[in-house]
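Report on the following structure.
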Amino acid sequence: MKCSECIQVAVALPVYNAFIYRVPQHLSSFVSIGKRVLVPFGRRRVTGYILGHSDPVLDKEMKYILDVLDEKPLFPSSMIPFFRWIADYYMYPVGQVIKNALPGGLNIYEFATVAITKRGEKALLDDSVTPLQKEILNCLKQGSCRRKILSTRLDKEIPNSLISAMEVLGLIIKKQELKGGEISPKKERYLSLIRQDMPVGRLSAPRKKIIDAVKDEGEISVKKLKELVPTAPGLIKSMEIAGQIKIFTKRVYRDPFGEPIVPDTAHILTGEQERAIFRVVSCLGRGFATCLLTGVTGSGKTEVYMQLAAEALKRGISVLVLVSEIALISQIERRFRARFGDCVALLHSRLSAGERYDQWMRIVHKEVNIAIGARSGIFAPFADVGLIIVDEEHDTSYKQESGLRYNARDLAVVRAKLNNGVALLGSATPSIQSYYNVTTKKFIEATLTERVEKRPLPAITVVDLRKNRDVRGIRHFITSELYTAMKETLDHDEQVLLFLNRRGYASFPVCAACGKAVKCKNCDITLTLHRGDNAYKCHYCGYSLASASNCSNCGSSQIKQLGLGTEKVEAAIKALFPDASVARMDRDTITRKGSMLKILKGLRERSTDILIGTQMAAKGHDFPNITLVGIICADLSLSFPDFRAGERTFQLLAQVSGRAGRGEVPGRVILQTYNPDHYSILSARKQDFKTFYNEEISFRKALDYPPFSRIIQLKISGRDSKQTGQYAQAVGNLCNVLKKNDMSFMKYVEILGPIEASLYRIAKQYRWQILLKCQSPRQLHRFVHQLIFENQAKINNRYVKLVVDVDPFFML
């Protein structure tokens, strides 16, 4: 971008407009689109992002930028239309969209802090201050801090009026401090030789070894040299002074990858795989297209992805691969790295901040042309991405449920369209929305109907749990059919996967004396016992209670641990099969870095006999020696008050069933359920997506639910029950007035609510919701834009929060 007098800047704050700033002459040569700048905003200094050149605004005194924070742009100019589209569609400030896209820890903010003065220190000595002022001054002797942190440290509210009074007395001083920007390029010290023919005859043995190592490498890091010569750090400075070596700093990348990968070659394709690849390749370079790759589990979709990526790279096209779960990334990443080597970057939230920054910059510097990531990978800073692959496109994990509530699958289609590229969505159990788009010719379908090497689909046996209702203890859920199948599988030296989509030990602890459940003090939800942590925990707000706690209602210590979770199943399986090696995969067991890889390695190397897991174990994993899948209770997701409950149940059951029999030995599934006649259970048993789709789509059409309409959910929450309810009713009234005043709204927009949310209280917040439904996305967005932006005085409330969730997935 050429030097310009004015630039357009989006600030990383909840303000919807971009702002125009002047550029001082001494900074003009450093300004370019995609860089961060430090700008004055009100009384603060904040981070902003350069969006482009702008003409000056007449009759308005414009502020100057204070600094340019980057040597090179953090994102290409081609991504700005993408950021603007997201901001408009999801009704989210464009500066915060960019902030969400970038690696964390980059932005700089200015905060008001308070510090003790010399007069304040003197006042402490002569005891001339009040007790509270004395506490504050003693705290500030440790260093300046913000008023909020001061309140936390002293465990009491510190009024702003008291701070102002102490400032007037000269006891403290208010200061503005810049904070943030913790992440920066990593640099290491390197050595190189001053001359190649360096005489070494009179040098000591360690110095000779250093010279030889540098000769062999050309240049070598001090860190690596220390492994060869432990005393090297103490010798190199004197060697530099003697003119033998040169010491310099060099940027290095933090390595997020695991162990080295053995290279592989492209596999021989089935006829169906060849036809699917041909169908997608014929779209490359011909403008925008979206393809849906459907196929049974184990049909070789990943090989299709890799061969398509190879074809794209031949044409000079960058490739972005999205994976639904971080748990799956290691598997996909290993396969892509084995095929494509070091041209692969990795983007997901489990990387350290430094690792994610380095991977981001590898893409910016065009050092890689394939990126693999979870949901946030959609923001990979390729200048012109030509192929975007979304694996397991049906998965709800692609929907962000806080902050910027985007759907990465939908954004993949949008980004492909903006780049005239191809979006490939793949799934054995595609979403109703995506398959509907195939039937209306919006998407192109490619199908894989058979498993590779013509392996059979697993045989599924349905066990009716209603017949087992009189059995007590864990054998109520580990039925005789499942136990027998597990024993046979282990006797054949094969592996077992047990699936239960509920973590913890006991999900419904109840007092045996008074019958009251052990509930969260912040939420309308029962706590779950986690025996490994000796605590009852809330899975919504994080509140925990010691497992030895008595009943809060009657004081009894007799708590019955009812309900089931993966931890209880694990304990039972270890008792039933004491000689088997048992592992558990859920959110509790993968929190430490490397723990997920350890679990997967145990399965891959067959040191684990039985894996017990939640939905993260059900998706996409390929372990050929798992021949039995046991679904402990197939009905958990059916009871959700959500029109997608049947769809999610079918997808989850079909996916977890597909983990069985992916090797040479045929697989089988024991599916335990209380609802054996439900159409989602029957369809999952037959692994028949088309039958399920035909049943589900007729239900959606009858009730005018997506894909026949679009939905926006207004989520309302506040700490005061009455105040929140009144606000929700007021917003509902605004919706009704807006609808009555516009004929197109009267005709198309349906308002459902306001109503209390199914989970009325979470994290001390009382929750209401309003659903807005409309067949026209444009009319629906126009309605919400008018509601939010033309009624800000009524919508903005200090004590009650309103969040707009476009295309919501979770209605609780």
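With R₀ set to 22 Å, the beta-carbon distance separating K441 from N694 gives a calculated FRET efficiency near 0.75. One decimal place: the segment R44-R279 gains 79.2 nm when fully extended, by the rule 0.36 nm per residue minus the C-alpha distance. Partners of K366 within straight-line reach, counting aspartates and glutamates whose Cα lies under 18 Å from its Cα and excluding those fewer than 8 residues away in the same chain: D70, E71, D255, D342, E355, D358, D384.
Could you work out what % of the accessible surface of the stretch 195-244 is carbon and sulfur, using a 1.4 angstrom probe and leaving DNA, RNA and ligands out of the count? Its accessible area is 53 percent carbon and sulfur atoms. Could you name the lysines whose alpha carbon sits less than 25 Å from that of K601, not counting residues in the same chain fewer than 8 places away? Answer for K601, where 25 Å is the Cα cut-off: K301, K487, K568, K574, K593, K619, listed by chain and number. Residue-wise HN-Hα couplings along the stretch 492-503, as the Karplus relation 6.51 cos²θ - 1.76 cosθ + 1.60 with θ = phi - 60° gives them from phi, are 8, 6, 10, 9, 10, 10, 10, 10, 8, 8, 7, 8 Hz; Gly and Pro carry x. Please list, by residue number, every one of the trypsin sites (Lys or Arg not before Pro) in the stretch 50-154 that is coil in DSSP and has at most 15 other beta-carbon atoms within 10 Å. The qualifying sites are K60, K63, K141, R146. Using helices alone, I'd like the mean residue ellipticity at 222 nm for the chain: each DSSP H run of four-plus residues gives -39500 (n - 2.57), total over residue count, nearest 500. Calculated at 222 nm, the ellipticity per residue is -10000 deg cm²/dmol.
With Rh defined as the Kirkwood radius, the inverse of the mean 1/r over Cα pairs, the Rg/Rh of the stretch 52-94 is 1.05. The stretch 440-474 and the stretch 546-608 have Cα centres separated by 26 Å. Each principal axis of the Cα atoms in the chain has its own extent, and those three values, largest first, are 80, 79, 62 angstrom.
Greater than 20 Å separation of Cα atoms is the criterion. Which listed pairs, K442/K690; K773/K794; K739/K794; K417/K441, meet it? Checking Cα-Cα distances, K773/K794 exceed 20 Å. In order along the stretch 455-465, phi translates into HN-Hα couplings of 5, x, 5, x, 7, 10, 10, 8, 10, 7, 5 Hz, rounded to whole numbers, per the Karplus curve 6.51 cos²θ - 1.76 cosθ + 1.60 with θ = phi - 60° and x for Gly and Pro. Note on the stretch 42-131: Cα convex hull, mean projected area over all directions, 11.4 nm².
Just in the stretch 274-308: which trypsin sites (Lys or Arg not before Pro) are loop by DSSP and have at most 15 other Cβ atoms within 10 Å? Intermediate values should be presented prior to the final figure.
Numbers: sites: R275, R279, R286, K301; in loops: R286.
Passing both the DSSP loop test and the Cβ count: R286.
Name the residues whose placed amide hydrogens come within less than 5 Å of the amide hydrogen of L498, ignoring near sequence neighbours (fewer than 5 apart) on the same chain. Residues meeting the amide H criterion: L611, I612, G613, G630.
Note on the stretch 359-426: Cα-only Rg and Dmax are 11.9, 32 Å. Along the chain, counting only GluC sites (Glu not before Pro) with a DSSP assignment other than H, G, I, E or B and at most 11 other Cβ atoms inside a 10 Å radius, the longest segment between sites is 158-400. Panel note: the C-alpha atoms of the stretch 1-77, placed on their principal axes, show extents of 30, 25, 20 Å (largest first). When the charge dipole of the chain is built from unit charges on Cβ atoms (+1 for Lys and Arg, -1 for Asp and Glu) and taken about the Cα centre, the candidate among V281, N369, T608 whose Cα reaches farthest toward its positive end is N369. Averaging the Cα positions of each part gives two centres, and for the stretch 37-78 and the stretch 312-377 these lie 30 Å apart.
Sequence neighbours fewer than 8 away in the same chain don't count; with that in mind, list the lysines whose C-alpha is under 28 Å from K118. Reachable lysines: K134, K141, K148, K156, K174, K175, K179.
Magnitude of the charge dipole for the stretch 636-719, about its Cα centre and with charges confined to Cβ atoms of Lys, Arg (+1) and Asp, Glu (-1), is about 280 debye. Stretching the chain fully between N797 and M743 yields a gain of 16.5 nm (0.36 nm per residue, less the alpha carbon separation).
Computed over the stretch 488-617, the Cα gyration tensor eigenvalues convert (square root of 5λ each) into semi-axes of 32, 16, 11 Å, ordered from largest to smallest.
Here the Karplus curve 6.51 cos²θ - 1.76 cosθ + 1.60, taken at θ = phi - 60°, turns the phi angles of the stretch 36-43 into couplings of 8, 10, 9, 10, x, 9, x, 9 Hz, with x standing for Gly and Pro. Using a probe of 1.4 Å, the accessible surface attributed to D216 totals some 130 Å² when neighbouring protein chains are kept in position.
Along each principal axis, taking the top coordinate minus the bottom one, the Cα set of the stretch 754-812 gives 35, 28, 15 Å in descending order. The slack between T591 and E167, meaning 0.36 nm per residue of separation minus the straight C-alpha distance, is 148.1 nm. Averaged over its residues, the chain has an accessible area of 47 Å² per residue, based on protein heavy atoms and a 1.4 Å probe. Candidates G386, N796, V422 compared by Cα position along the dipole of the chain: farthest toward the positive end lies N796, with charges placed on Cβ. For the stretch 385-451, trypsin sites (Lys or Arg not before Pro) are listed when DSSP marks them as loop and at most 14 other Cβ atoms sit within 10 Å of their Cβ; the list is K441, K442. Put a plus charge on the Cβ of each Lys and Arg, a minus charge on the Cβ of each Asp and Glu, and nothing anywhere else: the dipole of the chain about its Cα centre is then about 1840 debye. Under the criterion of Cα pairs below 8 Å and six or more residues apart, the relative contact order for the chain equals 9 percent. Of all DSSP-defined beta bridges confined to the chain, some 60% are antiparallel rather than parallel.
The values are calculated or read from the model by the stated rules, or taken from the named source; none is laboratory data. Everything numeric here is computed off the predicted structure, so don't read it as measured data. FYI the Cβ positions are ideal-geometry reconstructions off the backbone, even for glycines, and counts take in every protein chain you see. Keep in mind that these areas ignore ligands, DNA and RNA; they rest on the heavy atoms of the full protein, side chains included. Shrake-Rupley method; radii C 1.70, N 1.55, O 1.52, S 1.80 Å.
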